[in-house]
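Everything on this sheet refers to the single structure shown next.
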Amino acid sequence: MSLPLSSDCPSIKNILLLDSDGKRVAVKYFSDEWPTNVAKESFEKLVFTKTQKTNARAEAEIAMFENNIVVYKFIQDLHFFVTGGDDENELILVTALQAFFDSVGILLRGNVEKKEALENLDLILMCIDEIIDGGIILETDPSVISGKVASNSIDSGASLSEQTLSQAFATAREHFTRSLLR
């Protein structure tokens, strides 16, 4: 359910992370403009089809679709999109996009590709929640966003680097246990 937004407050209609085939990896809608899943998928297909031939790898690109401003950026086999109304400030939308893009890069430790994104989908969805709530931008600093997401993940007491170490120990423990049981 969307919150009523003041006309003075910039708002995001959706944030999309699609793969190189235009399929959903992670999406979140904050507007009732697309009431059904079919409408949402149709919008995603339109946005993907119109942007797939562009080269939005170095900097974010801006496009207009169905009276919406869409800003987007690609890396590897992932396509990042942020949508706002046609009256929104493009710079604010780009700031939200860059926050999402950079935060995902930090959380995936620079290995930003579909396989890694799907394995860490929970982190990406928490990342979206830290950036935007009900269409309102809450945070745009990638280090703050990734820090909050990391502190809310599996081992809530560990930082992102400590989690990596604890996960390595857990894996080693599992392998050691399996080798003893053989």
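The values are calculated or read from the model by the stated rules, or taken from the named source; none is laboratory data. On a predicted model such as this, the values are computed, not experimentally measured, just so you know. To get the accessible areas, we keep the full protein, side chains included, count just its heavy atoms, and leave off ligands, DNA and RNA. Shrake-Rupley method; radii C 1.70, N 1.55, O 1.52, S 1.80 Å.
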**Report entry** Rounded to whole Hz, the Karplus (6.51, -1.76, 1.60) HN-Hα couplings of segment 24-40, x for glycine and proline
**Finding:** 5, 10, 8, 9, 8, 10, 10, 10, 8, 4, 10, x, 10, 5, 5, 5, 5
**Report entry** 18 Å Cα-Cα reach of Lys148 towards aspartates and glutamates, excluding residues that sit fewer than 8 places from it in its own chain
**Finding:** Asp102, Asp122, Asp129, Glu130, Asp133, Glu139, Glu162
Query raised in the report: If you roll a 1.4 Å probe over segment 1-98 with all protein chains in place, what percent of the accessible area is carbon or sulfur?
Result: 49
